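The values are calculated or read from the model by the stated rules, or taken from the named source; none is laboratory data. Everything quoted here is computed from the prediction, not taken from an experiment. All Cβ positions, glycine included, derive from the backbone under ideal geometry; neighbour counts span all protein chains shown. Quick note on the areas: whole protein, heavy atoms, side chains included, nothing else; ligands and nucleic acids left out. Shrake-Rupley method; radii C 1.70, N 1.55, O 1.52, S 1.80 Å.
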Amino acid sequence: MNRREILKTAAGTSLGVAALPFLKSPAFAQTGGTLVAVVGYTFNSLDIHRPGTNRPSYQIAVNVYDRLVTFGTRTLADGSLAYDYDKVIPELAEKWTISPDRKSMTFTLKANARFWDGSPVTAHDVKWSFDRALALGGFPQTQMAAGGFKRPQQFVVLDDRTIRIDLDHPSKLALPNLTVPVAVVINSKAARAQATAADPWAAEYLHKTPQGSGAYKVERWDAGQQLVYVRNDDWAGGPVPALRRIVVREVPSLATRRALIERGDVQLSFQIPNKDAKELAAGKKARVVGSPIDNCLYVACLNVNFDPFKDSNVRKAVAMAIPYEQIFEQAAFGRGVPMWGAKSAQPTDTAWPQPFPYRTDLDQARALLAKSGFSKGFEVPLSYDLGEADWCEPTALLIQEGLGRIGIKVTLDKIPGASWRTRALIEKKLPFLLENFGGWLNTPCYYFYWSYIKGALFNASNYDDPEVKRLIDETLHMETSDPGYRPRILKLIEKAFEDLPRIPLWQPTLESAMSPKLEGYTFWYHRQMDARSLKI
Amino acid sequence: MGMALIIFGRVAQAIPTILGIIVVTFLMTRALPGDPAAFFAGPAATEASIAQIRAQLGLDQPLWVQFVRYVQSLVVGDLGRSISTGQPVTVDLASRLPASLELTLVALVLSVGVAVPLGVLAAVRQDSWVDQLCRIVVTAGVSLPTFFTGLVLVYFFYYLLGWAPMPVGRLDLVAIIPPRVTGFLLIDAPLAGDWPAAWSAVRQLILPASTLALFTLAPIARMTRAAMIQALGSEYLRTARACGLSRRTILLTYALRNAQLPVVTTLGMVFSFSLGANVLVEKVFSWPGIGSYAVEALVASDYAAVQGFVLAMAVLFVMLNLLIDIAYTLIDPRVRIDG
């Protein structure tokens, strides 16, 4: 090789490529029941039990695996669909009975339930899968425990088609907790064949190769790029889905996702920011569905270990100085459910979440602050998770401005995602922070259990009240039909209104944009795309 | 001295650098704020489950034990597993590095194809319209951020005109990824005889490569112009003109060849820079490249992925520098590299 040759070759190639013309894309036929969806995140595993599996990957557990039971669907006021917490329906189980003392549940599996490899779904598979959820630890274990499932001995195989689940105490959360994405049933024979001494639960194998009975199989997974589902025509868990193939593409750029849905090249853009939702909803190119997320609130937490916030007058002054309406317009873009301005401090409804009895009233806020021991004001950092900056940043700025008007100087403290959990939820030392906890199981007591008990993970405020603790302990497992339930929940809500460790800003929505022709889009508490109900 | 010996010598010289990089990246990733175990255990995890994940990741061990383990697995070519993608880092790198390289190389070829002629013309006809055009292009290329150029191109060519394909990555939705040989789709698809996939890969590349080319055009064009002006004013060219050589011979054979050295140096710098800096282009075009991988790994304190990325880049830079040095000897016989 000499220099002349190099020069000549280089010049030749560059001109050749530069001269390539743009050509119009050949029409991509969306026929045969194929749907293309785009998401902004990445899937990191096909196995929900594996430690380190991220939230977006729960979608695979939803679509590819079955659970014993699931929830029915209800139509919301705006005509959109959502799961129905009050209606538990069969998925793999054909029927179930609950013992008179409500301490055990016995499930009979559908006779025609088959895994993809044709083998029948048995009670042994159910037990192996539930044991696995407990054994691999992490989030699946925590979530199983929420329903009272803590030890493998609680799952008893009676025969091939019957399994009994024993509970330490009766709980209204037990049956709903069998609908959660982690309570999946895995083909234990296929999985065990791949297990090794070092990996007895076949975590390496199931990470890349799902073995289930669900409505969809994973046709291909190109990590970091796309996931392709193909329908299981023999699905016994419910009505066979309308769509044969579903392509879920990972498109990180918001602007690109928006261009794709507006052009109509994709049929679903799952989970879009409120700003896009507002703008797309105003146009005609896509239909936008915003479903209120049950049992979830965006809140400002006041840490009661921080001196000024020990004073009830200061907490109320803060609640009166927050510019709720402006926040709702500028941070939520008007999409969500307002959670301020209730008429009475005495709740009359057990619905949760519900508006708190505070509204922006600077005069009253100043008066409350004057009554407190901090009449001259004070300085406080307001912390938020950078990963949630889309709503936290505008919210924090508006709170800063609002509190500044009554003499509380707020500084902003942005914390990177990887440190957020440790700083906010474990150490619980941040004086003032924005938080977004939502409970999967939709009862008020469940929300209070996670966020109003001393030491509870989401109680970043370090709130501690013996009466509230007692009320939560009493109601957590109590049936909602129990006559004792309602008065206790009303009392809990009243305490939350009065003590204000968490000041709700609004109830968020899950927003998605879709082709006007797409039907069956259903909101689920797990906030993942359920492909099984979609049709075009 | 034989070429093989020279290459061997240069690689040997790089070993201390790479060893240093291994130590530094190991320590730096540990200094990142945040706790990966807590991050990956998810918000609802208990103390026990976080401890369990920490143990699985080996993060409960003293730092030196972690380092010894890291080096031990490094020796057998195991870079560990990325927790954020769930894949072994070697697999991630093997799929993402070619994606980035393919994009960057095509962009550079495009960029050189435009910038060098532009720079030469601008130098030959100083202050003419070509020179002004060169100035405008250079200023625009430097001052427009790549994500902006990318979005503008997507807006016009995809959103408004519909000429460009969907910006959804390396292949359109119907094309099937060809069997992997090199990881470069422009090579693998034709090798597999899959012409639709090859065509799709080309089409998907045009917009992102143009975006990146616009950005890299500026330094190359400027450097070419400056080097050409210098060469044109030199005595040997006056001599060449005096000897009555044709204009073409003077320009291409004498002036341009002598102007090559600084241009190649710039090219090397631009290449290494854009390989790491095209994160924003990758995001806009959903390109599964190395830049966005590294950024996501950093955000999640994903130690193995960050270490793997830095190491891969270090090796790549060593190789690149070697290639440039070899290119020098081909361009200028006076340059010698020592083994």
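Go through B:Val114, B:Leu237, B:Val284 and say which Cα lies farthest out towards the positive end of the charge dipole of the range B:104-292; charges sit on Cβ, +1 for Lys and Arg, -1 for Asp and Glu. The residue sitting farthest along the positive end of the dipole is B:Leu237. Using only side-chain charges placed at the Cβ, +1 for Lys and Arg and -1 for Asp and Glu, the dipole size of the protein assembly as shown relative to its Cα centre rounds to 1760 debye. The alpha carbon radius of gyration of the range B:104-292, expressed as a multiple of 2.2 N^0.38 Å, is 1.20. For the pair the range A:468-506 / the range A:417-456, the C-alpha centres are spaced 16 Å from each other. With each label modelled as a point 7 angstrom along the Cα→C-beta vector, the A:Ser80-A:Asp101 pair spans 4.5 nm. Here the range A:68-87 and the range B:102-123 have alpha carbon centers that stand 58 Å from each other. GNM remark for chain B: springs join alpha carbons under 10 Å apart, and the peak mean-square fluctuation among B:Val106, B:Val284, B:Val75 falls on B:Val75.
Legend: helices of chain A (whole DSSP H runs) are marked when their alpha-carbon atoms reach 15 angstrom or more along the helix axis and their mean Kyte-Doolittle hydropathy is at least -0.5; marked are A:3-18, A:123-135, A:389-405. The mean sequence separation of alpha-carbon pairs under 8 Å and at least six residues apart, normalised by the residue count of the range A:27-173, gives a relative contact order of 18 percent. Other residues whose C-beta falls under 15 angstrom from the C-beta of A:Arg74 contribute a net charge of -4, scoring Lys and Arg +1 and Asp and Glu -1. Rounded to the nearest 0.05, the FRET efficiency derived from the C-beta distance between A:Asp482 and A:Ala195 at R0 = 45 Å is 0.55. What the Kirkwood sum gives for the range B:194-339 is a hydrodynamic radius of 18.4 Å, with every pair of different alpha carbons counted.
Calculate for chain B the 222 nm mean residue ellipticity that helices alone would give, adding -39,500 (n - 2.57) per DSSP H run of length 4 or more and normalising by residue count, nearest 500 deg cm²/dmol.
On the way: 14 runs with 236 residues, N = 339.
Helices in chain B give a 222 nm mean residue ellipticity of -23500 deg cm²/dmol.
Apolar share of the accessible surface for the range A:75-190: 55 percent from carbon plus sulfur atoms, 1.4 Å probe. Leaving ligands and nucleic acids aside, the B/A contact buries around 5300 square angstrom of accessible area in total at a 1.4 Å probe radius. As a length-normalised measure over Cα pairs under 8 Å and 6 or more apart, the relative contact order of chain A settles at 18 percent.
Summed over the residues of the protein assembly as shown and divided among them, the accessible surface reaches 41 Å² per residue at a probe radius of 1.4 Å. Panel note: contact residues of the range B:169-184 (accessible area lowered by at least 30 Å² against the chain on its own; 1.4 Å probe) correspond to B:Leu173, B:Val174, B:Ile177. Interface residues of the range A:204-243, defined as a loss of at least 50 Å² in heavy-atom accessible area between the chain alone and the complex of all protein chains with a 1.4 Å probe, are A:Gln225.
Which of B:Val23, B:Val68, B:Val137 moves most in a GNM of chain B, Cα contacts under 10 Å? Largest GNM mean-square fluctuation: B:Val68.
I need the shape label for chain B. Rule: rounded when a/c is under 1.5, else prolate if a/b > b/c, else oblate, with a, b, c from the alpha carbon gyration tensor. Walk me through the intermediate numbers first.
Numbers: a/c = 2.33, a/b = 1.58, b/c = 1.47.
Verdict is prolate for chain B.
Converting phi to 3J(HN,Hα) with the Karplus coefficients 6.51, -1.76 and 1.60 and the offset θ = phi - 60°, the range A:336-348 yields x, 10, x, 10, 10, x, 5, 6, 10, 7, 9, x, 10 Hz in sequence order, with x at every glycine or proline. Atom-type composition of the exposed protein surface of the range B:104-292 places 70 percent of the accessible area on carbon and sulfur (1.4 angstrom probe). FRET efficiency for the A:Glu474 to A:Asp413 pair, using the beta carbon distance and R₀ = 51 Å, is estimated at 0.85. The range A:320-342 and the range B:311-327 have Cα centres lying 55 Å from one another. Binning the alpha carbon pair distances of the range A:42-151 at 5 angstrom intervals from zero yields the distribution 2, 10, 14, 21, 21, 18, 9, 4, 1, 0, expressed in whole percent. One chain, two ends: B:Leu245 and B:Thr265. Fully extended at 0.36 nm per residue, the span grows by 4.3 nm beyond their Cα-Cα distance.
Among the residues of A:140-152, the average count of other protein chain beta-carbon atoms within 10 Å of the residue beta-carbon is 2. Averaging the sequence gap over all C-alpha pairs within less than 8 Å and six or more residues apart, then dividing by the number of residues, gives the range B:104-292 a relative contact order of 32 percent.
Computed over chain B with a Gaussian network model linking Cα atoms closer than 10 Å, the most mobile of B:Gly80, B:Gly308, B:Gly20 is B:Gly20. With both labels modelled 7 Å from their Cα along Cα-to-Cβ, the B:Arg334 to B:Val174 distance reads 5.9 nm. A Förster radius of 45 Å combined with the Cβ-Cβ distance from A:Gln326 to B:Glu47 puts the calculated FRET efficiency at roughly 0.70. Give the residue from A:Pro90, A:Ala77, A:Tyr65 lying farthest towards the positive end of the charge dipole for the range A:51-93; charges sit on Cβ (+1 for Lys and Arg, -1 for Asp and Glu) and the dipole is referred to the Cα centre. Value computed over the given set: A:Tyr65. Rg and Dmax of the protein assembly as shown, both derived from C-alpha coordinates alone, stand at 31.0, 111 Å.
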